[in-house]
Amino acid sequence: MADVLPEAFLRAVADGFPADFLTREPSELQEYGRDWTRVHSPAPSAVAFPRTTDEVARLLTLCNQYRVPVVPSGGRTGLAAGAVAARGELVLSLQRMNRMEPVELLGNTVRVQAGAVTEAVHRHCAEHGLTWPVDFASKGSSQVGGNIATNAGGVKVIRYGLTRQWVLGLQVVTAQGQVLELNGALEKNNTGADLRQLFIGSEGTLGIITEATLKLTPLPGKQDVFLFAVPDVAAVLRLFREARRAPLLLSAYEFFTDKCLARVQRHRKLRSPFDAPSGCYVLMEAEGKDAAEVEGWLGSLFERGLVTDGTMAQSPSQASELWALRESISESLSATGLPHKNDVSLPVANLEAFCSEMDAVFGERYPGWEIALFGHIGDGNLHINIMKPEAMEKAEFLAHTKKADPTMFELVRKHGGSISAEHGIGLLKKDYLAFSRSPAELEMLRTLKRALDPNNILNPGKILDVC
């Protein structure tokens, strides 16, 4: 793959697009050529900043003609190196495409461009008592197009499901520059295979999402936020069983270990509401059905020894402080060390057995190493972070974790799980995709890629190889 863009291609771009459309400025190449991973060094040839779908279509027509590889770029908050341009690719940034149309109040929908920031969409819809219920720590910088392209999860999946359940229609540009309008604002459309779903979760390898019609739902009622201290992961799961039977409508059930809290306190200087330390913490957000019933249920947790301490937010600011302990974890782990991340999911019923066997794997593979666990226990999603020992060189650390990953993924497969719950495959998980997909599935995915992108220009090398 060439590191230098063809001169004829550059002339065509200069002649057909605004003067500020393309940059080759080194600092911007570094900024837009990477995501939140730090394993691969960014090395793009240029960055393009379209403002319209027409500009995306004309650019991709040229890229296909001149065989210029393209890496689509949103908020670059991914953790699988799906937005990394490490081999001279052209980065296509959607950040200027951030228009949001008025909310359609009869159908409860809104159409937005792919570069609209997730939190901005939330604010846009909240004025009408509605929300797009895709929510996660990076909502202040993640973009709708990236959310859809990775089928993002987040903290509210237990109540609302994944991103794909909240996308009615898509506008997509193919590798050949053809613009597709898929499903519009239709709730029902029984006219054959749903092509829209091909592009949701495909990480920009099959087409570039430029606009989306989002399905909205009423803002939830008053949400109570609790933080509980429990001794270990087994206790986290016992409490979850009780929460499922509680007089509550769960919106989020998150957990993190003491190792995560220590890193957050070191980086963000946030204060724990508890005097005594604990092995694990559970952050729960829920809509109470009956105040007296909820109060009685909370009291029973202490009586039965299911929690060792707990607190309930008494104001929106206190709720934000409790959420900050959870939502600052990824940032704090990266800021205070080098984590090797694994984002896995299991059937909720298999979590306890998996976690027990996982402890044995850690004890064998990483004796004395710091393991920071957190995740969305309510939907079976664990984030496993192995922290590089300070005295160990980065190359040696990555070699150790690469050797151990197959053991971890074999355990995931044994328990019917997935090697990637919500961050996708990108470059980091590509070698292990066979732990979650059968040979027949992998060949079908390659067939789709060859059919839709025969010249392999769209995010080449991500998810799987087609050669």
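3J(HN,Hα) couplings calculated from phi for segment 306-315 with the Karplus curve 6.51 cos²θ - 1.76 cosθ + 1.60 (θ = phi - 60°) are, in sequence order, 7, 9, 9, 7, x, 8, 10, 4, 9, 7 Hz; Gly and Pro show x.
Backbone geometry of segment 112-124 corresponds, through the Karplus equation with coefficients 6.51, -1.76 and 1.60 at θ = phi - 60°, to 3J(HN,Hα) couplings of 9, 6, 5, x, 4, 6, 3, 5, 5, 5, 4, 5, 4 Hz, x marking Gly and Pro. Between segment 57-78 and segment 122-163, the C-alpha centres lie 25 angstrom from each other. The overall shape of the chain is prolate: from the C-alpha gyration tensor, with semi-axes ordered a ≥ b ≥ c, the ratio a/c is 1.5 or greater and a/b exceeds b/c. Summarising the amide proton neighbourhood of Leu458: residues at separation of 5 or more, or on other chains, whose placed amide H is nearer than 5 Å comprise Val70. Under the convention that each Lys and Arg Cβ holds +1 and each Asp and Glu Cβ holds -1, the size of the dipole of segment 198-252 around its Cα centre is about 320 debye.
In terms of the Cα gyration tensor, with a ≥ b ≥ c the square roots of its eigenvalues, is segment 1-111 rounded because a/c is under 1.5, prolate because a/b exceeds b/c, or oblate? Taking the square roots of the gyration eigenvalues as a ≥ b ≥ c, segment 1-111 is oblate.
Toward the positive end of the charge dipole of the chain, with +1 on the Cβ of Lys and Arg and -1 on the Cβ of Asp and Glu, the farthest Cα among Ile371, Ala48, Ile200 is that of Ala48. Amide H contacts for His340 (H built 1.01 Å from N in the peptide plane; partners 5 or more residues away or on another chain; cut-off under 5 Å): Ile386, Met387, Lys388.
State the percentage of accessible surface on the chain attributable to carbon and sulfur atoms; use a 1.4 Å probe and exclude ligands, DNA and RNA.
The computed percentage sits at 52.
With a cut-off of 8 Å between alpha carbons and a minimum separation of six or more residues, what is the relative contact order of segment 59-153 in percent?
25 percent
In this structure, the amide hydrogen of Thr210, modeled 1.01 Å from its nitrogen in the peptide plane, lies closer than 5 angstrom to those of Gln171, Val172, Val173, counting only residues at least 5 positions away or on a different chain. Cross-link pairs exceeding 30 Å in C-alpha to C-alpha distance, out of Lys222/Lys429; Lys394/Lys462; Lys269/Lys289, comprise Lys222/Lys429; Lys269/Lys289. Summed over the residues of the chain and divided among them, the accessible surface reaches 43 Å² per residue at a probe radius of 1.4 Å. Using the Cα gyration tensor of segment 317-366, with a ≥ b ≥ c the square roots of its eigenvalues, what is the shape: rounded (a/c below 1.5), prolate (a/b larger than b/c) or oblate (neither)? Verdict is oblate for segment 317-366.
The 3J(HN,Hα) values that the Karplus relation (6.51, -1.76, 1.60; θ = phi - 60°) gives for segment 235-249 are, in residue order, 5, 4, 6, 5, 5, 5, 4, 5, 5, 4, 9, 6, x, 9, 9 Hz. Gly and Pro appear as x. Helix 439-452 versus the longest principal axis of the chain: what angle, 0 to 90°, nearest 10, using Cα atoms? Taking Cα atoms only, the helix is inclined about 40 degrees. Inter-part distance, segment 283-337 to segment 389-414, computed on C-alpha centroids, equals 32 Å. Remark: segment 234-318 carries a charge dipole of roughly 520 debye about the Cα centre, counting +1 on each Lys and Arg Cβ and -1 on each Asp and Glu Cβ.
Rounded to the nearest 20 debye, the dipole magnitude of the chain is 580 debye, with +1 charges on Lys and Arg beta carbons, -1 on Asp and Glu beta carbons, and the Cα centre as origin. Taking a straight line from the alpha carbon of Lys139, these lysines sit under 18 Å away, with near neighbours fewer than eight places off in the same chain left out: Lys156, Lys215.
Note on Arg24 and Met392: the model spin-label points, each 7 Å out from Cα along the C-beta direction, lie 4.1 nm apart. Helix 291-303 and the longest principal axis of the C-alpha atoms of the chain enclose an angle of approximately 70°.
Here is how the number arises for the chain: DSSP H runs of 4 or more residues each give -39500 (n - 2.57), the sum is divided by the residue count, and the result at 222 nm is -10500 deg cm²/dmol.
The values are calculated or read from the model by the stated rules, or taken from the named source; none is laboratory data. Quick caveat: nothing in here was measured; it's all calculated off a predicted structure. As a convention, Cβ positions derive from the backbone with ideal geometry for all residues, glycine included, and neighbour counts pool all protein chains shown. Remember, those area values only see protein heavy atoms, side chains included, never the ligands or the DNA or RNA. Shrake-Rupley method; radii C 1.70, N 1.55, O 1.52, S 1.80 Å.
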